[in-house]
1. Kindly flag which residue pairs out of K191/K244; K200/K283; K42/K283; K117/K283; K134/K200; K133/K257 have an alpha-carbon separation exceeding 22 Å in this structure.
2. What is the spin-label model distance, in nm, from I33 to F262 if the labels are put 7 Å beyond Cα along the C-beta direction?
3. Sticking with the crude label model, points 7 Å out along Cα→Cβ, report the distance from V151 to I187 in nm, one decimal please.
4. Order the peptides 85-94, 132-141, 186-195 from the highest to the lowest mean number of other Cβ atoms within 10 Å of their residues.
Amino acid sequence: MFLISPYVKIIFNNNGGVRMKRTSRERIMLEEILQWEQELEKWSLTSAERENKQLLQNFFDSLPEDKYYKYMEFLDNGLFHLQGFIDRSYIQKSERKRLLRTASLLDERIEEIQDLKMLNIDQLSYLADEQLKKQRLYSFVQGAASGTGNVLFVGTDIPLLITLNFQSIHLTALSYGYDCEDPFEMILILKVFHAAIVPKEHRFAAWEQLKEEVETFETAYYNEQSEKVLHNALSAHLLQQIIKTMLILSTKRHSSKKRSLFAMLLSGSFNYKFTAEVTDFAKRFYQYRFLMEEKGGKQNER
């Protein structure tokens, strides 16, 4: 026995085949995504943000070209290795099993990740939300821990933050029925992460590129210009984390409990905000992808 979705209607076409008819809930969710997309397109920099961006750009331009490209190669290799580590990790496999167990309560036919696509968009969004709420909480706690000024927590703050956000996108993809062990999905997860962290003035273009790739099932590697935007964006986030770390260490010199509490709150909030932006972008993307595949009657079979 399985739960019948109140939001999905099945109709037969003239050839006797079955196709899905978009329900009112799906239309409402698609409208919400399109409205979010319009806000993304209209976003513009404030004067202060323009100044900060220019300062960062001047800093990157001042770096020797050979060292800059070595640095970019180091980031690329690090992200690819991190991607593989997360996918093979015990924690990720446990989360995968837990997700399948929860989904099977909604429909007992679900045995594999791809089977989650039998659920409706509200059920999938519920599964994703449950995963992402925990990830945002972990991000806040991890940031607050680094705010204590403990050398171990401070030293692992940046790698843990990046790992946690990569894992969040993995969990989002799984929640909507996309298996992260597929090479196409692995590359796409990298691109979703990249699109979520690029400066907001470039985010709409990155969003459009992601949409195009899932419609054609083709994903390309970055050209030199997009790579530069990406690496500068990631470097900017790393620089912000370093500045945050310096502030934390400076407050540690004072024994005031109020200062220590402020440092923990500041660090936790910073990490939470970063993860909230990444997870919101990832959720919007996989919702949109699922709805588009429903419209076309595709099940991501390549």
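1. From K191/K244; K200/K283; K42/K283; K117/K283; K134/K200; K133/K257, over 22 Å: K191/K244; K134/K200; K133/K257.
2. Taking the simple label geometry, I33 and F262 are separated by 4.4 nm.
3. For the pair V151/I187, the computed spacing is 4.4 nm.
4. By packing density, highest mean first, the sequence is 186-195, 132-141, 85-94.
Read-outs throughout are calculated quantities, based only on the coordinates presented, and are distinct from any laboratory measurement. Predicted model, so just to flag it, every value in this text is computed and none were measured. Counting neighbours? That spans all protein chains shown, and the Cβs are built from the backbone with ideal geometry, glycine included.
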